[in-house]
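J.: Input: one structure, supplied below.
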Amino acid sequence: MNIELRHLRYFVAVAEELHFGRAALRLNMSQPPLSQQIQQLEQEIEAQLFTRTNRSVQLTPAGHSFLQDARAILLQVEQSARRASRIDHGQEGELRIGFTSSAPFTGLMSDALYQFRQRWPEVHIQMQEHNTRQQLAPLHEGRLDLGVMRNTPLPADLQHRLLLREPLYAVVHWAHPLASAASIAIQALASEPFVFFDAQGGTALYAEILALLHRYHIKPFITQEVGEAMTILGLVATGLGVSILPASFRRARLADVVWIPLQESDATSEVWLVWSAVREPSAQMANMMTLLLQNAES
(Lines give C-alpha, C1' and ligand atoms only; values in the text may rest on other atoms or scores of the structure.)
Protein backbone atom coordinates (compact mmCIF):
# COMPACT_ATOMS: atom_id res chain seq x y z
CA MET A 1 0.00 0.00 0.00
CA ASN A 2 1.54 3.25 -1.17
CA ILE A 3 -0.07 5.98 0.96
CA GLU A 4 1.91 9.14 1.66
CA LEU A 5 1.31 11.90 4.17
CA ARG A 6 0.32 14.26 1.36
CA HIS A 7 -2.56 11.93 0.51
CA LEU A 8 -3.81 12.25 4.08
CA ARG A 9 -3.49 16.05 4.01
CA TYR A 10 -5.36 16.25 0.70
CA PHE A 11 -8.09 13.97 2.01
CA VAL A 12 -8.53 15.92 5.27
CA ALA A 13 -8.77 19.20 3.36
CA VAL A 14 -11.51 17.85 1.08
CA ALA A 15 -13.30 16.19 4.01
CA GLU A 16 -13.34 19.44 5.96
CA GLU A 17 -14.31 21.67 3.03
CA LEU A 18 -16.61 19.15 1.33
CA HIS A 19 -15.76 20.99 -1.86
CA PHE A 20 -12.86 20.16 -4.19
CA GLY A 21 -12.45 23.72 -5.41
CA ARG A 22 -12.18 25.23 -1.91
CA ALA A 23 -9.91 22.39 -0.79
CA ALA A 24 -7.62 22.95 -3.80
CA LEU A 25 -7.46 26.65 -3.01
CA ARG A 26 -6.64 25.86 0.63
CA LEU A 27 -3.88 23.52 -0.51
CA ASN A 28 -2.54 26.01 -3.04
CA MET A 29 -2.99 23.61 -5.95
CA SER A 30 -5.37 23.19 -8.88
CA GLN A 31 -8.49 21.04 -8.65
CA PRO A 32 -7.77 18.31 -11.24
CA PRO A 33 -4.56 17.05 -9.57
CA LEU A 34 -6.36 17.08 -6.21
CA SER A 35 -9.19 14.95 -7.62
CA GLN A 36 -6.63 12.55 -9.08
CA GLN A 37 -4.83 12.24 -5.72
CA ILE A 38 -8.08 11.46 -3.90
CA GLN A 39 -8.96 8.84 -6.51
CA GLN A 40 -5.49 7.33 -6.13
CA LEU A 41 -5.96 7.22 -2.33
CA GLU A 42 -9.31 5.47 -2.71
CA GLN A 43 -7.72 2.92 -5.03
CA GLU A 44 -4.91 2.27 -2.58
CA ILE A 45 -7.20 1.62 0.37
CA GLU A 46 -9.85 -0.04 -1.79
CA ALA A 47 -12.67 2.03 -0.33
CA GLN A 48 -14.83 4.91 -1.53
CA LEU A 49 -14.29 7.87 0.77
CA PHE A 50 -16.63 10.42 -0.86
CA THR A 51 -19.91 10.40 -2.70
CA ARG A 52 -19.76 13.03 -5.40
CA THR A 53 -22.55 14.75 -7.33
CA ASN A 54 -22.57 17.85 -9.46
CA ARG A 55 -23.80 19.81 -6.44
CA SER A 56 -22.21 18.20 -3.39
CA VAL A 57 -19.42 16.16 -1.91
CA GLN A 58 -20.17 14.00 1.11
CA LEU A 59 -18.16 11.58 3.20
CA THR A 60 -19.11 7.92 3.06
CA PRO A 61 -19.16 5.87 6.29
CA ALA A 62 -15.70 4.63 5.34
CA GLY A 63 -14.67 8.26 4.77
CA HIS A 64 -15.88 9.29 8.24
CA SER A 65 -13.85 6.51 9.82
CA PHE A 66 -10.79 7.27 7.72
CA LEU A 67 -11.01 10.97 8.58
CA GLN A 68 -10.62 10.25 12.31
CA ASP A 69 -7.60 8.06 11.68
CA ALA A 70 -6.04 10.47 9.17
CA ARG A 71 -6.30 13.36 11.61
CA ALA A 72 -4.77 11.24 14.37
CA ILE A 73 -1.89 10.17 12.10
CA LEU A 74 -1.15 13.73 10.97
CA LEU A 75 -1.29 14.96 14.56
CA GLN A 76 1.04 12.18 15.69
CA VAL A 77 3.51 13.02 12.91
CA GLU A 78 3.37 16.71 13.81
CA GLN A 79 3.91 16.00 17.50
CA SER A 80 6.72 13.56 16.77
CA ALA A 81 8.45 16.08 14.51
CA ARG A 82 8.09 18.83 17.09
CA ARG A 83 9.41 16.59 19.83
CA ALA A 84 12.37 15.48 17.71
CA SER A 85 13.21 19.12 17.02
CA ARG A 86 12.96 20.03 20.70
CA ILE A 87 15.15 17.09 21.68
CA ASP A 88 17.71 18.03 19.03
CA HIS A 89 17.79 21.59 20.41
CA GLY A 90 18.04 20.41 24.01
CA GLN A 91 14.56 21.53 25.05
CA GLU A 92 13.30 18.01 25.82
CA GLY A 93 14.85 14.59 26.31
CA GLU A 94 16.98 13.05 29.02
CA LEU A 95 20.30 13.78 30.65
CA ARG A 96 22.04 11.13 32.76
CA ILE A 97 24.62 12.43 35.22
CA GLY A 98 26.82 10.40 37.51
CA PHE A 99 28.02 12.10 40.66
CA THR A 100 30.06 11.32 43.74
CA SER A 101 28.52 11.71 47.17
CA SER A 102 30.31 15.03 47.67
CA ALA A 103 28.97 16.65 44.47
CA PRO A 104 25.64 17.86 45.93
CA PHE A 105 27.60 19.64 48.67
CA THR A 106 29.36 21.88 46.15
CA GLY A 107 27.52 25.09 45.43
CA LEU A 108 28.74 24.87 41.85
CA MET A 109 26.84 21.62 41.21
CA SER A 110 23.64 22.57 43.00
CA ASP A 111 23.55 25.99 41.30
CA ALA A 112 24.02 24.47 37.83
CA LEU A 113 21.26 21.92 38.40
CA TYR A 114 18.86 24.63 39.58
CA GLN A 115 19.67 26.88 36.60
CA PHE A 116 19.22 23.99 34.19
CA ARG A 117 15.79 23.12 35.62
CA GLN A 118 14.70 26.75 35.30
CA ARG A 119 15.76 27.01 31.64
CA TRP A 120 14.88 23.52 30.35
CA PRO A 121 12.15 22.12 32.63
CA GLU A 122 11.09 19.48 30.10
CA VAL A 123 14.48 17.76 30.09
CA HIS A 124 14.46 14.84 32.51
CA ILE A 125 17.65 14.79 34.58
CA GLN A 126 18.52 11.37 35.91
CA MET A 127 21.07 11.65 38.72
CA GLN A 128 22.99 8.49 39.58
CA GLU A 129 25.21 8.41 42.66
CA HIS A 130 28.42 6.46 42.06
CA ASN A 131 31.92 6.85 43.40
CA THR A 132 34.59 7.92 40.95
CA ARG A 133 35.68 4.45 39.92
CA GLN A 134 32.11 3.27 39.41
CA GLN A 135 31.39 6.07 36.91
CA LEU A 136 34.09 5.12 34.42
CA ALA A 137 32.42 2.08 32.82
CA PRO A 138 28.97 3.72 32.39
CA LEU A 139 30.61 6.77 30.79
CA HIS A 140 32.63 4.52 28.48
CA GLU A 141 29.56 2.47 27.52
CA GLY A 142 27.22 5.45 27.08
CA ARG A 143 24.99 4.64 30.06
CA LEU A 144 26.00 7.99 31.57
CA ASP A 145 26.25 11.24 29.64
CA LEU A 146 28.31 13.21 32.15
CA GLY A 147 30.25 12.37 35.27
CA VAL A 148 31.14 14.63 38.18
CA MET A 149 33.96 12.96 40.04
CA ARG A 150 37.24 13.38 41.87
CA ASN A 151 40.50 13.45 39.92
CA THR A 152 41.58 9.99 38.87
CA PRO A 153 43.42 8.34 35.96
CA LEU A 154 41.04 8.22 32.98
CA PRO A 155 40.97 5.81 30.02
CA ALA A 156 41.81 7.29 26.63
CA ASP A 157 38.18 7.51 25.49
CA LEU A 158 37.17 9.85 28.34
CA GLN A 159 38.06 13.53 28.67
CA HIS A 160 37.67 16.00 31.50
CA ARG A 161 37.61 19.63 32.56
CA LEU A 162 38.41 20.94 36.01
CA LEU A 163 35.33 22.19 37.84
CA LEU A 164 36.67 22.87 41.29
CA ARG A 165 39.86 22.70 43.29
CA GLU A 166 38.97 22.73 46.97
CA PRO A 167 41.06 22.55 50.15
CA LEU A 168 41.20 19.48 52.34
CA TYR A 169 40.41 19.97 56.03
CA ALA A 170 41.17 18.04 59.18
CA VAL A 171 37.92 16.93 60.81
CA VAL A 172 37.88 16.42 64.58
CA HIS A 173 35.42 16.17 67.45
CA TRP A 174 34.63 19.49 69.15
CA ALA A 175 36.34 18.34 72.38
CA HIS A 176 39.54 17.21 70.63
CA PRO A 177 42.70 19.10 71.74
CA LEU A 178 43.22 20.34 68.16
CA ALA A 179 39.67 21.69 67.81
CA SER A 180 40.60 25.24 68.86
CA ALA A 181 43.48 25.58 66.37
CA ALA A 182 43.11 28.14 63.56
CA SER A 183 45.04 25.77 61.27
CA ILE A 184 47.35 22.80 61.66
CA ALA A 185 50.18 21.08 59.85
CA ILE A 186 49.20 17.67 58.62
CA GLN A 187 51.92 16.19 60.82
CA ALA A 188 49.73 16.99 63.83
CA LEU A 189 47.48 14.10 62.77
CA ALA A 190 50.28 11.54 62.53
CA SER A 191 49.49 9.74 65.78
CA GLU A 192 45.70 10.20 65.75
CA PRO A 193 43.23 7.34 65.25
CA PHE A 194 41.75 7.78 61.78
CA VAL A 195 38.23 7.25 60.56
CA PHE A 196 38.77 6.60 56.88
CA PHE A 197 37.37 5.19 53.67
CA ASP A 198 37.26 1.47 53.03
CA ALA A 199 40.05 0.54 50.63
CA GLN A 200 37.61 -1.55 48.57
CA GLY A 201 35.04 1.23 48.25
CA GLY A 202 36.46 2.61 45.03
CA THR A 203 36.35 6.27 46.05
CA ALA A 204 39.06 8.47 44.58
CA LEU A 205 39.32 10.33 47.88
CA TYR A 206 40.78 7.22 49.48
CA ALA A 207 43.80 7.22 47.17
CA GLU A 208 44.06 11.00 47.09
CA ILE A 209 44.14 11.56 50.86
CA LEU A 210 46.32 8.52 51.46
CA ALA A 211 48.83 9.85 48.90
CA LEU A 212 48.84 13.22 50.69
CA LEU A 213 49.61 11.54 54.02
CA HIS A 214 52.36 9.45 52.44
CA ARG A 215 53.97 12.54 50.91
CA TYR A 216 54.46 13.78 54.45
CA HIS A 217 55.65 10.38 55.67
CA ILE A 218 52.52 9.70 57.68
CA LYS A 219 51.18 6.18 57.94
CA PRO A 220 47.69 6.72 59.31
CA PHE A 221 46.48 4.63 62.24
CA ILE A 222 43.13 3.65 60.74
CA THR A 223 40.72 2.38 63.37
CA GLN A 224 37.43 2.68 61.47
CA GLU A 225 36.83 1.97 57.76
CA VAL A 226 33.55 3.01 56.12
CA GLY A 227 32.19 3.50 52.62
CA GLU A 228 30.83 7.04 52.66
CA ALA A 229 32.07 10.46 53.73
CA MET A 230 28.87 11.18 55.65
CA THR A 231 29.49 8.05 57.73
CA ILE A 232 33.01 9.29 58.42
CA LEU A 233 31.56 12.56 59.71
CA GLY A 234 29.06 10.69 61.85
CA LEU A 235 31.81 8.62 63.48
CA VAL A 236 34.06 11.66 64.01
CA ALA A 237 31.09 13.34 65.68
CA THR A 238 31.02 10.48 68.21
CA GLY A 239 34.72 10.99 69.04
CA LEU A 240 35.92 7.71 67.48
CA GLY A 241 38.74 9.41 65.57
CA VAL A 242 39.78 12.18 63.20
CA SER A 243 39.72 12.36 59.43
CA ILE A 244 40.52 14.50 56.39
CA LEU A 245 37.78 15.54 53.96
CA PRO A 246 37.19 18.14 51.21
CA ALA A 247 35.81 21.53 52.23
CA SER A 248 32.50 20.97 50.42
CA PHE A 249 31.36 18.57 53.13
CA ARG A 250 31.28 21.44 55.60
CA ARG A 251 27.81 22.19 54.27
CA ALA A 252 26.61 19.13 56.21
CA ARG A 253 27.01 21.25 59.40
CA LEU A 254 27.29 18.59 62.07
CA ALA A 255 27.27 20.32 65.44
CA ASP A 256 29.87 18.06 67.08
CA VAL A 257 32.42 18.30 64.25
CA VAL A 258 35.10 20.96 63.86
CA TRP A 259 36.81 21.67 60.52
CA ILE A 260 40.45 22.80 60.69
CA PRO A 261 42.34 24.11 57.63
CA LEU A 262 45.52 22.23 56.73
CA GLN A 263 48.60 24.39 56.21
CA GLU A 264 50.08 22.37 53.33
CA SER A 265 49.52 24.00 49.93
CA ASP A 266 49.03 20.63 48.22
CA ALA A 267 46.24 19.60 50.61
CA THR A 268 43.61 20.01 47.92
CA SER A 269 41.17 17.89 45.94
CA GLU A 270 39.90 18.42 42.40
CA VAL A 271 36.38 17.85 41.11
CA TRP A 272 36.21 17.00 37.40
CA LEU A 273 33.52 17.04 34.74
CA VAL A 274 34.04 13.92 32.62
CA TRP A 275 32.46 12.80 29.33
CA SER A 276 33.12 10.59 26.33
CA ALA A 277 35.79 11.71 23.89
CA VAL A 278 34.40 9.53 21.08
CA ARG A 279 30.68 10.42 21.11
CA GLU A 280 29.22 13.73 20.00
CA PRO A 281 27.70 15.56 22.98
CA SER A 282 23.93 15.99 22.83
CA ALA A 283 22.40 19.45 23.14
CA GLN A 284 21.30 18.54 26.66
CA MET A 285 24.87 17.63 27.58
CA ALA A 286 26.25 20.79 25.99
CA ASN A 287 23.82 22.98 27.91
CA MET A 288 24.69 21.39 31.25
CA MET A 289 28.41 21.48 30.51
CA THR A 290 28.17 25.18 29.70
CA LEU A 291 26.41 25.93 32.99
CA LEU A 292 28.87 23.89 35.04
CA LEU A 293 31.93 25.40 33.40
CA GLN A 294 30.54 28.93 33.62
CA ASN A 295 29.89 28.44 37.32
CA ALA A 296 33.39 26.99 37.72
CA GLU A 297 34.92 30.14 36.22
CA SER A 298 32.82 32.58 38.25
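The values are calculated or read from the model by the stated rules, or taken from the named source; none is laboratory data. Quantities reported herein were computed from a predicted structural model and do not represent experimental measurements. We place every Cβ from the backbone using ideal geometry, glycine too, and count neighbours over all the protein chains shown.
J.: For segment 121-167, name all the residues that are within 20 Å of A211 (Cα to Cα) and without any contact (Cβ under 8 Å) to a residue 40 or more places away in the chain.
T.: Matches in segment 121-167: P153 only.
J.: For residues that are closer than 19 Å to I184 by Cα and in a loop (DSSP other than H, G, I, E, B), tally how many sit in segment 212-229.
T.: Final tally of qualifying residues: 5.
J.: Which strands (runs of 3 or more DSSP E) does segment 230-298 wholly contain that include 2 or more residues that are of a type in the set (G, A, S) and touching a helix residue (DSSP H, G or I) at 6+ places or on another chain (Cβ under 7 Å)?
T.: Counting at least 2 such residues, we get 268-276.
J.: Filter segment 16-34 down to residues that are in contact with a Lys or Arg (Cβ under 9 Å, 6 or more places away or on another chain) and of a type outside the set (D, E) and give me whichever is farthest from N54 (Cα to Cα).
T.: This residue is L27.
J.: Out of the residues in segment 173-188 that are free of Cβ contacts under 8 Å to residues at least 24 places away in the same chain and part of a loop (DSSP other than H, G, I, E, B), state the one that is farthest from L213 (Cα to Cα).
T.: Only one residue fits best here, namely S180.
J.: Taking only segment 56-99 into account, find how many residues are touching a Gly at 6+ places or on another chain (Cβ under 6 Å) and in a helix (DSSP H, G or I).
T.: Counting residues in segment 56-99 that are touching a Gly at 6+ places or on another chain (Cβ under 6 Å) and in a helix (DSSP H, G or I) gives 1.
J.: Out of segment 40-67, which residues are within 18 Å of A23 (Cβ to Cβ) and either among the hydrophobic types (A, V, I, L, M, F, W, C) or loosely packed, with under 12 Cβ neighbours inside 10 Å (or both)?
T.: L41, L49, F50, T51, T53, N54, R55, S56, V57, L59, F66, L67, listed by residue number.
Yes or no, residue by residue, for (1) touching a Gly at 6+ places or on another chain (Cβ under 9 Å); (2) among the small types (G, A, S):
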site: A170; (1), (2): no, yes
site: A175; (1), (2): yes, yes
site: I186; (1), (2): no, no
site: F196; (1), (2): yes, no
site: G201; (1), (2): yes, yes
site: Y206; (1), (2): no, no
site: L212; (1), (2): no, no
site: Q224; (1), (2): yes, no
site: L233; (1), (2): no, no
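J.: Could you tell me whether segment 189-206 includes any residue that is crowded, with 16+ Cβ neighbours inside 10 Å, in the same structural domain as A103 (by TED's automatic domain parsing), in contact with a Phe, Trp or Tyr (Cβ under 6 Å, 6 or more places away or on another chain) and in a loop (DSSP other than H, G, I, E, B)?
T.: Yes, segment 189-206 contains at least one residue that is crowded, with 16+ Cβ neighbours inside 10 Å, in the same structural domain as A103 (by TED's automatic domain parsing), in contact with a Phe, Trp or Tyr (Cβ under 6 Å, 6 or more places away or on another chain) and in a loop (DSSP other than H, G, I, E, B).
J.: Can you pull out the residues in segment 230-268 that are of a type in the set (A, V, I, L, M) and over 21 Å from S191 (Cα atoms)?
T.: Answer for segment 230-268, where residues must be of a type in the set (A, V, I, L, M) and over 21 Å from S191 (Cα atoms): M230, A247, A252, L254, A255.
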